[in-house]
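Bear in mind these aren't lab numbers, they're just calculated from the coordinates by the rules spelled out. If you're wondering where the values come from, they're calculated on a predicted model, not measured in any experiment. All Cβ positions, even for glycine, are placed from backbone atoms using ideal geometry, and neighbour counts span all protein chains on display.
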Ligand SMILES: [Zn+2]
């Protein structure tokens, strides 16, 4: 389970540092019995917090610490309570007091317990019980530390135009890190109001969730900024920033970043207010009435996730907010607009209305991800993000939801920090948004909106559980079945089904039945059933626009027969535009006829999303043993005439998996096969960007070139090398959207000179999006000495902690040959890697990522030896390594037994005498996934 969680977390939220040394950790079995939660019989209503961070060299020994005091107004909601339990972490207390709020009477504290290092809980014990009809004020004086682990109140560093290192103070409190900035009831359900004042250097500004009420210089160099009281809110969306950043905007909407990145804030400032307006219309609930009075979007040089929706002060990794036309790709631009939509959407879904506990994280993240695509789509319809959603989000989560360790959307038992981290995986984001999209198509757009508007109004400034959302949908649902009952199937149960369709009565009817889809038969409960909103069309109707539910397939293993009236159909295609969360398998007759349609003119008028669906489904049905590889290969032959981005995206995902499993031994057979399929697409996209072309053509070019060059397409490699040479010799910049493919090819084919040129560009680069492209491309080096030198650089201060894992994975995902080179490095340097990330969890997940590409018995044995020798050092994270070993054994067995027809076919495709090294495995697809990291 751990293995999958770690992988998924990487995709969903990027690098999250886990500082805990294994030695101090509880074991998995102990963790089950640990109670991380605090009782809700005492609840806070207001916090008054004063903070003084020390960020300057002149602060001496106090530098990177802060002093704090907090006064929490609270009340007991149960009689006879003599203990107040709350959270704190990494702080030193210097005083505690408790008073009755109105009278000021002092209450005697008998003792205050030490903070528990596992649960972060501590208690203030009293001699007498709290009264239930009055407020108390519990106050603490304390000091804390500002780390560089991007959690709590932390420090971030950048180098300014003068070459000076500047340290700023920023926050990241989700999920449970407010307790590192102030003692608190640090769970989402404990909503309260907050009032801050921050004492800071006068050449810095302090910003927070609300506007300042005063900014007063108390000495020449010191200023105190006091902020207006916030609305009622959860601790995890409190935020503040102490920096010398420069803002763009007016008092209502400001984009703020380090001064050197000011030019890169223009795009976010242009689109941000427009996206906010679209969301205001969607929710029918103006943001101006939330009580924040302004919106800041801040780019933070060091940021663990992709972005964070703090109410009124959104914080972003720079790649999620900043856009530079000459250095950011169009995909980067789309990401910026998308992440802004995502975080703005949270102002309603997450901030105004909040999940009651992290076990229902999807109640906010499903909406964040939904708005990321569909709000952005309203602003930029030509980007076709409503279609991209299917391949990026729906198809990508289907794999992990059919493997062992998958968990349901609603998982109220989640409690430990590892559990909370898991709740931010792609299930909450991708699957959550997929279920919302499915619901929209079942209800109609207007009723879906009406239900959500009611949900917001009914639950404003409060917390919710999924039933609250279902109740609101219930009020407006007029479709088939009971929406609340249908949604419970998809949110409380894990996984999804494959439906099997057979044509009957000479094409006048068909039967349909369901079974849970599992990639491995031992990977979970195969008996789960779902109420499935079924959509379909036939070759006679050929209607791919109607996404209305035609029938709700019942929770049953029996076949349902559907009459087609007067039609005599040759094929049925179910799941129109893939609006439902299920796969479809057909009988031989239908598959034959679909195949014929796909190769006919205009692909038989089959919608591009259903072509992408067919491609994704056949790959995975083949992988699961539900469709013979001969059939899979036969259907995929149609790709020779396919030039559309969406089906090709699905194809690259499917081939990526197979190419990994082929390993070094069989890859030579893959080259002529994939280049044969790609030829037409390659010719159609070319190397030249045309300003008038559709977005998806630009994206398609990036992927097609990456694959063609990777598999040694002669013209692709030559052109890439020529372009890179002009870049080196004549400073002629590479067209930004094809940089990943060109850089990678040049690094793989080139030597030290090409490598050093790009490394130096990285060092001087002011745009983080370009930095990430370069870091990934440098991992394409096929020279072992150079690759090992590069791994040393990745682990050094030359690469920001937030980018290290992306850069690291670029080295072993770049080719089958590199897997062994990187694995050799890891075995010799595992302590260095652990130390660079300050995390055994990250090291285990890196090893897991490398092992997922093992294809030989020698590699498996080498991993076994490593695990035997070192597992005690990994503490509880050793379980990641042991499950990696299981997966490697399974993968080798699977490749030997199940892939034979595929390999036989490859061997028959063409002359394979020449071995050409495989280059990057999906540089673009990899970086694309990594690009979508956020909270
Ligand atoms: Zn989010």
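Things to note:
- When peptides 431-439, 279-287 are ranked by their average number of other Cβ atoms within 10 Å per residue, the highest-first order is 431-439, 279-287.
- Whole-Å distance, taken between Cα centres, linking region 667-725 and region 67-121: 63 Å
- Point-to-point label distance, residue 134-residue 488, nm (Cα→Cβ direction, 7 Å offset): 4.6 nm
- Shape call, region 424-572: gyration tensor on alpha carbons, a/c limit 1.5: oblate
- Relative contact order of the chain: 11 percent, from C-alpha pairs under 8 Å at least 6 residues apart in sequence.
- Region 250-275 versus region 496-537: alpha-carbon centroid distance in Å: 48 Å
- Helix 2-13 and the longest principal axis of the C-alpha atoms of the chain enclose an angle of approximately 80°.
- Estimated distance in nm for a label pair at residue 865 and residue 219, the labels positioned 7 Å out from Cα along Cα-to-Cβ: 6.2 nm
- Helix 330-346 and the longest principal axis of the Cα set of the chain meet at an angle near 50°.
- Each of the peptides 495-506, 886-897, 370-381 was scored by the mean count of other Cβ atoms within 10 Å over its residues; in descending order, highest first, they stand as 370-381, 495-506, 886-897.
- Bridge type composition, the chain - antiparallel percent by DSSP, nearest 5: 80 percent
- Shape category assigned to region 520-646 from the gyration tensor of Cα positions, a/c cut at 1.5: oblate
- Debye log10 I(q)/I(0) for region 6-353, one point scatterer per Cα, at q = 0.06, 0.07 Å⁻¹: -0.23, -0.31
- Stokes-Einstein D for region 654-747, Kirkwood Rh over Cα pairs, 20 °C, 1.002 mPa s (µm²/s): 153 µm²/s
- Cα shape, region 645-931, gyration tensor, a/c 1.5 rule: oblate
- Inter-centroid distance (Cα atoms) of region 172-187 relative to region 732-756, Å: 44 Å
- 0 to 90° range, to nearest 10: angle between helix 588-599 axis and the chain longest Cα axis: 90 degrees
- Inter-probe distance in nm under a simple model that places probes 7 Å from Cα toward Cβ, at residue 557 and residue 545: 4.2 nm
- Peptides 194-204, 445-455, 773-783, 335-345 ordered by average Cβ neighbours within 10 Å, highest first: 335-345, 773-783, 194-204, 445-455
- Relative contact order, percent, region 720-837 [alpha-carbon distance under 8 Å, six or more residues apart]: 21 percent
- Fewest neighbouring Cβ atoms within 10 Å first, the residues 87, 788, 607 line up as 788, 607, 87.
- Orientation-averaged projected area, Cα convex hull of the chain (nm²): 37.7 nm²
- Extension reserve of the residue 35-residue 600 stretch, reckoned as 0.36 nm per residue once the Cα distance is removed: 197.2 nm
- Percent of Cα-Cα distances greater than 17 Å, calculated over region 159-254: 58 percent
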